[in-house]
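Accompanying notes for the structure given below.
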Amino acid sequence: MRKEPTLGEKTAVKGGAFRRENWFLIAAIGLLLSPALFDLRWLRDATADFGNSRDALYGVVGAFVTAGLVNSWSKRRAETRDRLRYDGMSKVAFRSLAQTVNDVGRMLLAPVVGADLYAAGIPGFTPEHHEENLANLRALSIQPDFAPKSGVWDDAVSRDKVTANLMALCAQHGFPQHMFRTTSAARRRLQTAMADWAPVMVAVPGANEHLARGWPLADQIVLLLESWRHLMTADAAATVSQSDLDRVAEDYAETIRQYQAWIQELIPLAGLPAR
C-alpha cells in the first residue's frame, strides 16, 4: 500500500504548484516587457531583417504562456471550490468507512482475544456470541484480559499473544468453521461499505485515492478467507498439518496489520474528536 504523504510533503506539492503559477506570471510579464530590449541599438539592428518573424514569435509564445497561466489559475479555483463543496460529504464518507473498517478488524480479533462485540455496540452481535468466544478460550485455559482503552483496538493488541491464542484455538474442532463464517461476514461488511461510498468518493477531489488504499485490506481478507477454508477442509478430514496452521497465522497477522494501517489513515480524514 502506498504511503500517505506527510503534511510536509503535501505542503511541498502545494508549494510546487504555486511556484509553477508564479513562473507563468513572470514569463508573461517578461514577455510583455521584452520589446523594451529593442531600444538597444545593436539588438534592434541585429533583428531588423526579420522583424515580422520576431513579432509572430512573440505572439505565439505569448499565447501559450497566457493560456498556461489562465489554465493554472482556473484549475486551482475549481479545486478549491470543489473541495469546499464536498468537505462535509467527504467527512461523512470517511467517518462511515472508518467505522466499518474498525468493526471489521474487531470482528476478526474478538474470537481470538475474547473481546465483547455486543458491549462495543457493533450491530449483529449478542452477549451469546461473547460467551461462545470466552468458552473457547477458557477450554484452553486462556484467561482473556483484553482491555482496550479506546474504540480502535491497535495499542491493546499484542501480536505475539494473538498468534499464540490463534494457534491454540485452531486445534479446537469447529474453530476454523467459526472463523471462516466470521471472516466471510467481515468481508461482506467491508465490501458493502466500499461499494456504497465509491460513487461519492469519485466526485470528491482526492477522496478516491484514499478509498483505493483499502484494497490491500480487502484483498488480504480474501486470502485469509481461503486459508480458513483450506484449514476447515483439513480439520473435517483430520489432516491438519503445521504448514496449514502457519498459513492461517501468517494471513491472519497480515490482515490485522492491514486493518490497523488503514484505520490509522482514515481517522485523521474522518475528523473525529476522539478515537
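The values are calculated or read from the model by the stated rules, or taken from the named source; none is laboratory data. The structure presented is a predicted model; accordingly, all values stated were derived computationally and were not measured. All Cβ positions, even for glycine, are placed from backbone atoms using ideal geometry, and neighbour counts span all protein chains on display. SASA here: full protein model, heavy atoms, side chains in, ligands and nucleic acids out. Shrake-Rupley method; radii C 1.70, N 1.55, O 1.52, S 1.80 Å.
How much length, in nm to one decimal, is gained on full extension between MET89 and SER150, taken as 0.36 nm per residue of separation minus their Cα-Cα distance? Let's see the in-between values first.
Values: separation 61, 0.36 × 61 = 21.96 nm, distance 2.56 nm.
Extra length available between MET89 and SER150 comes to 19.4 nm.
Leaving out ligands and nucleic acids, note down the accessible area per residue over segment 169-268 with a 1.4 angstrom probe, in whole Å². Write out the running numbers ahead of the final one.
Details: 4450 Å² over 100 residues.
With all protein chains present, segment 169-268 gives 45 Å² per residue.
If you take the Cα Rg of segment 107-163 and divide it by 2.2 N^0.38 Å, with N the number of residues, what do you get?
On the way: Rg = 11.0 Å, N = 57, 2.2 N^0.38 = 10.2 Å.
With N residues counted in segment 107-163, Rg over 2.2 N^0.38 Å equals 1.07.
So if the hydrodynamic radius of segment 156-275 is defined as the Kirkwood radius over C-alpha pairs, what does Stokes-Einstein give as its diffusion coefficient at 10 °C and 1.306 mPa s, in µm² per second? Before the final figure, lay out the partial values.
Working: Rh = 15.8 Å.
Translational D for this selection: 100 µm²/s.
Return the Cα extents of segment 178-245 along principal axes one, two and three, sorted largest first, each rounded to a whole Å.
52, 19, 10
With a point put 7 Å past each Cα toward its Cβ, work out how far ALA135 is from GLN172 in nm, to one decimal.
About 0.9 nm, to one decimal.
If Rh is defined by the Kirkwood formula over all Cα pairs and Rg also comes from Cα, what ratio Rg/Rh do you get for segment 96-200? Don't skip to the end; give the middle numbers.
Working: Rg = 14.1 Å, Rh = 14.4 Å.
Rounded to two decimals, Rg over Rh is 0.98.
How large, in percent, is the carbon and sulfur part of the accessible surface of segment 113-193 at a probe radius of 1.4 Å?
Numbers: 2260 of 4410 Å².
Looking at segment 113-193 in its full context, I get 51 percent from C and S.
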